[in-house]
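Colleague: Structure incoming, see below.
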Amino acid sequence: MPFCSNCGRAVDANELYCRYCGSEIHAPSPPQPTRQIQLTSPKVSHQGQKIATAMALIVIIVSIIGLSLLPSSSSSTMISQEHTVNIVNGMVILNAGQYWYYLIKVPPRALNAYVSGTFTTSGGSGNYIEVIIMDSTNFINWQKGHPASTYYDSGQITTSSFDVSIPPGVWGTYYLVYSNTFTILSNKNVQTTVNLIYMM
């Protein structure tokens with residue numbers, strides 16, 4: 001049963017006006033049906049899935065190849081540089097029966113190390129000197145007058161130049177010796193320049 005929208009009293013469904021207050025009766029409008037919207041996911045074809053999978057694989061492969069080509073921070077990619085260390089440069093003065101030595105320190109991981117030098121001797125009747133390069137152990141034996149192995153032994157000469165290789169991986173201290181021990185009267189003056197050269 002409808003009700004008057006003005007006075008709220010019940011009225012006949014067929015009446016056009018309220019019998020109590022005279023207001024026009026408005027029939028309630030029928031409820032509008034609600035429209036339901038169904039959300040559906042887009043359909044992907046089987047061929048489209050294959051293409052998407054192939055593209056993803058290509059991206060992964062290209063990424064892996066690109067990373068492998070990037071420069072590494074490891075030491076294998078470092079560029080070795082040549083280093084020169086001066087051992088002696090000038091005049092070495094030796095009295096009769098005397099020797100003098102200089103230390104040659106080859107640093108760890110040095111590559112292609114060698115000792116390069118020249119010398120010229122003056123003084124005495126023969127103007128000769130002996131230049132020797134040896135390691136620590138053999139230097140001690142040589143000092144004591146025992147047999148010793150050397151990397152270089154000029155013999156008793158007046159002048160010469162030399163390039164003496166240090167064995168790979170044999171780092172440490174070596175001795176450069178200027179010897180006038182074989183004379184008892186003549187002092188010697190030796191003009192010399194010697195360098196240690198290596199890569200690192």
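Colleague: Answer yes or no: is there a residue in the stretch 10-26 that is modelled with pLDDT of 80 or more and loosely packed, with under 10 Cβ neighbours inside 10 Å.
Modeller: Checking the stretch 10-26: not a single residue is modelled with pLDDT of 80 or more and loosely packed, with under 10 Cβ neighbours inside 10 Å.
Colleague: Go through the stretch 156-200 and give me each residue that's among the hydroxyl-bearing types (S, T, Y), touching a residue at least 40 places away in the same chain (Cβ under 8 Å) and under 22 Å from G124 (Cβ atoms).
Modeller: If the condition is that a residue be among the hydroxyl-bearing types (S, T, Y), touching a residue at least 40 places away in the same chain (Cβ under 8 Å) and under 22 Å from G124 (Cβ atoms), then T159, S160, S161, Y178, S179, T181, T183, S186, T192, T193 are the ones that fit.
Colleague: Quick test for you: out of S80, S63, S68, S76, pick the one residue that is within 31 Å of the chain's Cα centre (by Cα), modelled with pLDDT under 95 and in a loop (DSSP other than H, G, I, E, B).
Modeller: Unique residue meeting the criteria: S80.
The values are calculated or read from the model by the stated rules, or taken from the named source; none is laboratory data. None of these values were measured; they are calculated from a predicted model. Neighbour counts are summed over all protein chains in view; Cβ atoms, including those assigned to glycine, are modelled from backbone coordinates with ideal geometry.
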